[in-house]
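Peer 1: I'd like to ask some things about the structure below.
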Amino acid sequence: MSEKKKKSAEEETKEGFGHLSRREFLKDASLVIGGSTIGSIAFAAGTEPQQQAKANDVAEAPCIQASTDTITIELTVNGGKYRCTVEPHWSLRQLLRDEIGLTSPKDWCGGQGACGSCTVIMNGRPILSCLTLACECDGARIETAEGIAKAKHPLIQSYIKWNAFQCGYCTPGFITSAKALLDRNPNPTEADVRDALGGNLCRCGTYQQHPPAVLEAAEALKKA
């Protein structure tokens, strides 16, 4: 045996004493890695039919549809009596606009209750008609901007005098919120007015004109 081969054999014997040789280590490592990969494939293959079955079960499950039974309600809007047949999912704003024909409640924020443009007064309180179900308004008393204008409330003239609007889209919501305030508090402060109108947004930015308009309307009501 040559000196080179003899040295290699001695090194392998020395490395193998109490340790795995490089050759044995690489061989065992390849078996472990290969075995784990094969095991993963086998596991996936074994679970695929079960997953497919579950998917089929979901697809074949009967779909439960929402009830479309109509509901008949009676309510008073701006002093008039109405008997309406509504769907369970209809909002009060939808009923007022599409069925009764009162277009002052607007829909700036897409029914999210974020802008106040759909505000009406229900039983003396300002509410967001886009978030109020029509079927929950049986027996309610509703006031909209049309009714406030028809009654010649001082708010209308004071809003015109103080230029408290520009495009006018949000104005009905401000008017109804302001009237609800004056109904419950005939002597509001400027802070009271700002707080009452805090949920109404104005895209034109006429916020500074609203408080003096509402306060002047309050004074006019005292003299009436």
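Peer 1: FRET efficiency for residue 208 and residue 99, Cβ-Cβ distance as r, R0 = 41 Å, nearest 0.05?
Peer 2: 0.65
Peer 1: Output the Cα-based Rg and Dmax of the range 67-147 in Å, rounding Rg to one decimal and Dmax to a whole number.
Peer 2: 11.6, 34
Peer 1: Another question, then. Which of the residue pairs 179/223; 161/223; 150/222; 106/152; 106/223 have a Cα-Cα distance greater than 28 Å in the structure shown?
Peer 2: Over 28 Å Cα-Cα: 106/223.
Peer 1: Calculate the spin-label point distance for residue 76 paired with residue 166, positioning each point 7 Å from the Cα along the beta-carbon direction, and give it in nanometres.
Peer 2: Spacing of the two 7 Å Cα→Cβ label points: 4.0 nm.
Peer 1: For the range 69-203, give the percent of accessible area contributed by carbon and sulfur heavy atoms, probe 1.4 Å, rounded to a whole number.
Peer 2: Of the solvent-accessible surface of the range 69-203, carbon and sulfur hold 48 percent.
Peer 1: Can you give the net charge of the other residues whose Cβ lies under 14 Å from the Cβ of residue 202, counting K and R as +1 and D and E as -1?
Peer 2: Combined, the nearby Lys, Arg, Asp and Glu give +3.
Peer 1: Tell me, Kirkwood radius of the range 152-208 from alpha-carbon pair distances, in Å?
Peer 2: The answer is 11.7 Å.
Peer 1: Which three lengths, in whole Å and largest first, does the range 58-204 cover when its Cα atoms are put on their principal axes?
Peer 2: Computed over the range 58-204, the largest-to-smallest principal extents equal 63, 34, 25 Å.
Peer 1: Provide the net charge surrounding residue 75, with neighbours chosen by a C-beta distance below 14 Å and charges set as Lys +1, Arg +1, Asp -1, Glu -1.
Peer 2: -1
The values are calculated or read from the model by the stated rules, or taken from the named source; none is laboratory data. Keep in mind it's a predicted model, so treat the numbers as computed, not measured. Every residue, glycine as well, gets a Cβ built from its backbone with ideal geometry; the counts of neighbours run over all protein chains shown. The accessibility values were calculated without ligands, DNA or RNA, using every heavy atom of the protein model including side chains. Shrake-Rupley method; radii C 1.70, N 1.55, O 1.52, S 1.80 Å.
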